[in-house]
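Bear in mind these aren't lab numbers, they're just calculated from the coordinates by the rules spelled out. Predicted model only: the values in this text are computed from it and were never measured. FYI the Cβ positions are ideal-geometry reconstructions off the backbone, even for glycines, and counts take in every protein chain you see.
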Amino acid sequence: MIKILLATQDRASFSGLTSSFDQEKDINLFWADSGRTALTTVSSTVIDLVVTDEKLKDMTGLELAEKIVAVNPMINCAAVSSLPSEEFHEVSEGLGLLDQLPPQPGPKEAKGLLQTIKALKKQLAGLNPS
């Protein structure tokens, strides 16, 4: 099961992502409309991926990513940002983000994120055989 937390105050802006995620049978979606709620979720639930919108009720998506790294650096994050890619890379350096997503990410971005998360989970499973 892949657990994904979507942090946005506008669920409609993530409808392209969620419609793609909903087609997968092994995905459990969680929602947060604020950074505080997202941090509570990642502190109490094993989350594989956080996708954060550019702005939340109480902080920016990059601020949330920075706080998540402090809570658990093993949580993968992707962030919506309208910044040019070079500027995004500069301001997000050190946060370990998987990807910069466009505003209103869609099926293409969902597919890429899922491929990456599945590959990472497979690698981790190989390192930690049960």
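With the helix formula -39500 (n - 2.57) applied to DSSP H stretches of n ≥ 4, the chain reaches a computed 222 nm mean residue ellipticity of -13500 deg cm²/dmol. Residues considered: SER81, SER20, SER34. Largest GNM mean-square fluctuation over the chain, using C-alpha springs under 10 Å, is found at SER20.
With Cα atoms defining each centre, the range 57-130 and the range 1-38 are spaced 13 Å apart in the structure. Largest GNM mean-square fluctuation across GLY96, GLY35, GLY61, computed for the chain with C-alpha springs under 10 Å, falls on GLY96.
Helices that extend 20 Å or more along their long axis by alpha-carbon positions and average at least -1.0 on the Kyte-Doolittle scale are, among the DSSP H runs of the chain, 107-127.
With the simple spin-label model, which puts each label point 7 Å out from Cα in the Cβ direction, the MET1 to GLU66 separation comes to 3.4 nm. Using only side-chain charges placed at the Cβ, +1 for Lys and Arg and -1 for Asp and Glu, the dipole size of the chain relative to its Cα centre rounds to 580 debye.
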